[in-house]
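Here the structure comes first, spelled out in C-alpha cells, and everything after it is commentary.
The values are calculated or read from the model by the stated rules, or taken from the named source; none is laboratory data. Computed from a predicted structure; not experimentally measured. A quick note on method: Cβ atoms are made from the backbone with ideal geometry, for glycine too, and the neighbour counts reach across all protein chains shown.
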Number of protein chains: 2
Amino acid sequence: MANTILPSTVTIVEMGPRDGLQNEASVSLEDKIMLINDLSKTGLSHIESGSFVSPKWVPQMADSAQVFGKIARSPNVIYSALTPNMSGLEQAMAARVDQVAIFTSASEGFCQHNINCSIADSLKRFAPVMRRAMNNNIRVRGYLSCVVDCPYDGQTQPDHVAAVAKALFDLGCYEISLGDTIGTGTPVRVAQMLSAVQSQVPTSQLAVHFHDTWGQAIANIYQALTMGINVIDSSVAGLGGCPYAAGSSGNVATEDVLYLCHGLGIHTGVDLNALAQVGQDICHKLNRVPSSKVSQALNA
Amino acid sequence: MANTILPSTVTIVEMGPRDGLQNEASVSLEDKIMLINDLSKTGLSHIESGSFVSPKWVPQMADSAQVFGKIARSPNVIYSALTPNMSGLEQAMAARVDQVAIFTSASEGFCQHNINCSIADSLKRFAPVMRRAMNNNIRVRGYLSCVVDCPYDGQTQPDHVAAVAKALFDLGCYEISLGDTIGTGTPVRVAQMLSAVQSQVPTSQLAVHFHDTWGQAIANIYQALTMGINVIDSSVAGLGGCPYAAGSSGNVATEDVLYLCHGLGIHTGVDLNALAQVGQDICHKLNRVPSSKVSQALNA
C-alpha cells in the first residue's frame with residue numbers, strides 16, 4: 001500500500017447545489033445562484049446545478065430553469081442537471097445546460113421505490129432521452145444508486161452492479177457514477193464492487209459517489225483511488241443526501257475529499273480554503289454547521 | 001487492494017475515560033465509574049481508565065486513584081493508567097492498575113511544549129519507571145505523539161518516528177502506540193511512517209492512535225490494517241483530544257472503528273450497539289452529541 005499507484009489528478013463533481021439543496025426545505029433562488037457562482041470561483045470544473053424533475057416530487061428544484069438562466073457561467077465549468085425523462089431533457093436544453101444526467105438503481109427494490117419501475121423499464125425509458133441528448137451533442141452522465149447495499153433489498157451483488165453499469169454505458173453514458181446511497185459500504189466490499197464493474201466498463205468511464213452516513217466515505221474513496229478511479233462526487237459542506245432513503249443523509253463533504261486528495265499528492269485544481277468558505281457561507285444561510293470535519297478544523 | 005490481507009482480529013484500546021474525559025471541564029467521580037463499568041460490559045478488553053499525572057497539569061484526572069478503587073473490575077478487561085514518572089507509577093501501583101503507559105513525542109517541539117524536556121531526556125526519565133514497573137510484573141505501553149506532523153515543528157520524519165519507537169521498545173515497552181496527535185495524516189504519509197517504524201519494531205508490538213480532526217482517521221486506520229497493524233486506540237463517542245495542541249480535538253470514535261472493522265470482516269469482540277449506547281449515555285451527561293457518525297446513524 002505504501003507503494004500503491006494513485007491517480008495524479010482527480011476531478012471533483014460538485015453535488016451541493018443539486019443533491020445537497022434538494023434536501024433543504026426552502027432555499028431562495030438568489031442563494032442558489034450565489035452558491036453556484038461562488039463555487040465556480042474555487043477551481044471546480046463540474047457543478048451539478050439543478051434538476052428537471054417533476055416539482056411534485058422534488059419541489060426544491062422547481063426553479064432550476066431560473067437558476068440556469070441567471071448564474072454567471074464560467075467557461076471552465078460544466079453546469080449539469082438531472083433529467084429523468086424527455087420532458088426534463090427538453091427543459092434542460094431550453095435552459096442551456098452543458099450536460100445532463102440520468103439515474104437508475106443497482107437494486108430493484110430501490111428502483112421501484114425511487115422511480116416506480118423496474119431497472120429494465122428505467123433503462124428502456126432512458127433510451128430515447130439518451131438519443132435526443134446525443135443528437136444535440138449533450139453528454140449524458142449515468143447515476144447508479146445502491147451499489148453496495150439497498151435499504152429494501154439488503155446487499156447488492158457486485159455482478160448485478162456491473163451489469164447495470166454496463167447497460168448505462170452501452171446506452172451511451174460517458175461516465176457512470178457509482179453511488180453508495182445509504183453509506184453502509186466499507187473498503188473491501190467497495191473493492192469487490194469496483195472490481196466487478198471494472199471488468200465491464202473502462203475505469204476511465206467510472207466515478208464514485210459516497211455518502212458518509214456511517215463515517216466510511218473517505219476510506220472508501222481512498223480504496224477507489226488505489227483502484228484507479230479519478231472522478232469523485234461530493235457536496236460542499238456535506239450538504240444533502242437522498243430524500244427517498246431513510247437515514248441516507250450525508251453526501252461526503254468536498255472539503256474532506258480535497259484534504260484527502262491533496263494529502264495524497266493528487267492534483268484537484270480546487271482551492272480548499274476558498275471552497276470551505278463557500279461552505280461556511282451557505283451553511284450560515286441554512287442555519288447549520290458544515291458536516292465537514294475539515295471545515296470545522298479550519299474554523300476552530 | 002481487493003485482495004489485501006487484513007488481520008482477522010483487532011484489539012481496541014478504549015481511550016474514552018482517560019484521553020476523552022481529560023478534556024472535559026468537570027466529570028463527577030460517579031459518572032467516570034459508571035462509564036468504565038458500562039464499557040466493561042461491551043466486550044472491550046482494554047480500557048485506559050485514568051492518569052497519575054500532577055493534578056496541577058491535568059486536574060480532570062485528579063481522582064484516578066478513587067476511580068480505580070471503585071470500578072467493578074471485569075477479569076476480561078485490562079484497566080490501565082498513564083504514568084509520567086516514578087511518583088505516578090507508585091500511585092498507580094497503589095491503586096492496583098493492571099498496566100501503565102508512558103508517553104513521549106516523535107517531535108522535539110511537541111516534547112518541549114508537552115512535557116518540558118527533550119525527547120532524549122524523556123527517555124532517560126522513563127528508564128527507572130520502566131525498571132520498577134517490570135520488576136513488579138506490570139506491563140508498560142508507550143505512547144508516541146506527533147508521528148505525522150507536529151503543531152510546532154511541521155512534518156515529522158518517518159525515520160525519526162522509527163528511532164524513537166525503537167528506543168521505547170528497547171526500554172521495555174510491550175507495545176508502542178503511534179499517535180497522529182493533530183490528525184493531519186493522510187494514508188500515504190501514514191504508510192511511509194508505518195513502513196519506517198516496522199523496519200525497527202515488530203508489527204505485533206505496534207498500535208495506532210488517530211485523531212479525526214481532519215476527517216481522515218478511518219482511512220488512515222484502514223491503511224494501517226492493510227499493513228498488519230491489529231491494535232487500534234479509539235474513544236467512545238469520539239470523546240477527547242489533547243489539551244496541549246490547538247485544534248487537536250477529536251479522538252477517532254470507537255463506534256466508527258468498530259463499524260469499519262466489522263464491515264471488513266475483522267473480529268473485535270466488541271458489541272457495537274452496546275458500546276454506542278454507552279457513548280450516548282456519557283454524551284447525555286456531558287450535554288453533547290457523539291461525534292461518531294455511526295452513533296448518529298444508529299440514533300437517526
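Summary of computed values
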item: Qualifying positions in the range A:104-117 - of a type outside the set (Gly, Ala, Ser) and either in a helix (DSSP H, G or I) or in contact with an Asp or Glu (Cβ under 6 Å, 6 or more places away or on another chain) (or both); result: A:GLU108, A:PHE110, A:CYS111, A:GLN112, A:HIS113, A:ASN114, A:ILE115
item: Residue that is farthest from A:ALA207 (Cα to Cα), among those in the range A:104-116 that are at pLDDT below 95 and hydrophobic (A, V, I, L, M, F, W, C); result: A:ILE115
item: Candidate set: the range B:282-293, residues that are more than 14 Å from chain A (Cβ to nearest Cβ) and buried (at least 16 other Cβ atoms within 10 Å of the Cβ); chosen: the one nearest to A:ASN220 (Cα to Cα); result: B:CYS283
item: Matching residues, the range A:132-143, being out of contact with any His (no Cβ under 8 Å at 6 or more places or on another chain) and either on the phi > 0 side of the Ramachandran plot or in contact (Cβ under 8 Å) with a residue 24 or more places away in the chain (or both); result: A:ARG132, A:ALA133, A:MET134, A:ASN136, A:ASN137, A:ILE138, A:ARG139, A:VAL140, A:ARG141, A:GLY142
item: Within the range A:168-194, tally of residues that are more than 14 Å from chain B (Cβ to nearest Cβ), touching a helix residue (DSSP H, G or I) at 6+ places or on another chain (Cβ under 7 Å) and buried (at least 21 other Cβ atoms within 10 Å of the Cβ); result: 3
item: Residue within the range A:195-209 that is out of contact with any Phe, Trp or Tyr (no Cβ under 9 Å at 6 or more places or on another chain), assigned to a loop (DSSP other than H, G, I, E, B) and within 14 Å of another protein chain (Cβ to nearest Cβ) present; result: yes
item: Top-ranked residue of the range B:84-102 - restricted to ones that are modelled with pLDDT of 95 or more and buried (at least 22 other Cβ atoms within 10 Å of the Cβ), ranked as nearest to B:ARG141 (Cα to Cα); result: B:ALA101
item: Single residue of A:ALA207, A:ALA219 found to be buried (at least 20 other Cβ atoms within 10 Å of the Cβ) and without any contact (Cβ under 8 Å) to a residue 60 or more places away in the chain; result: A:ALA219
item: Number of the condition not met by B:ALA120 [criteria: (1) part of a helix (DSSP H, G or I); (2) of a type outside the set (Val, Ile, Thr); (3) touching a residue at least 12 places away in the same chain (Cβ under 8 Å)]; result: (3)
item: Which numbered condition B:ALA237 misses (of (1) touching a Pro at 6+ places or on another chain (Cβ under 9 Å); (2) within 12 Å of chain A (Cβ to nearest Cβ)); result: (2)
item: Odd one out for A:TYR152, checked against (1) part of a helix (DSSP H, G or I); (2) among the aromatic types (Phe, Trp, Tyr); (3) surrounded by fewer than 24 Cβ atoms within 10 Å (Cβ to Cβ); result: (1)
item: Pick from the range B:241-263, criterion within 15 Å of B:SER295 (Cβ to Cβ) and either more than 8 Å from chain A (Cβ to nearest Cβ) or in contact with a Leu (Cβ under 7 Å, 6 or more places away or on another chain) (or both), ranking: modelled with the lowest pLDDT; result: B:ASN251
item: Lone unmet requirement of (1) crowded, with 24+ Cβ neighbours inside 10 Å; (2) touching a residue at least 40 places away in the same chain (Cβ under 8 Å); (3) within 10 Å of chain A (Cβ to nearest Cβ) for B:ALA224; result: (2)
item: Test: B:ALA101 is of a type outside the set (Val, Ile, Thr), under 29 Å from B:SER45 (Cα atoms) and in a helix (DSSP H, G or I); result: no
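Residue by residue, here is whether (1) touching a residue at least 24 places away in the same chain (Cβ under 8 Å); (2) under 17 Å from B:SER177 (Cα atoms) holds:
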site: B:LEU44; (1), (2): yes, no
site: B:ILE47; (1), (2): yes, yes
site: B:VAL53; (1), (2): yes, no
site: B:PRO59; (1), (2): no, no
site: B:ALA81; (1), (2): yes, yes
site: B:GLY88; (1), (2): yes, no
site: B:ALA92; (1), (2): yes, no
site: B:ALA95; (1), (2): yes, no
site: B:GLY109; (1), (2): yes, no
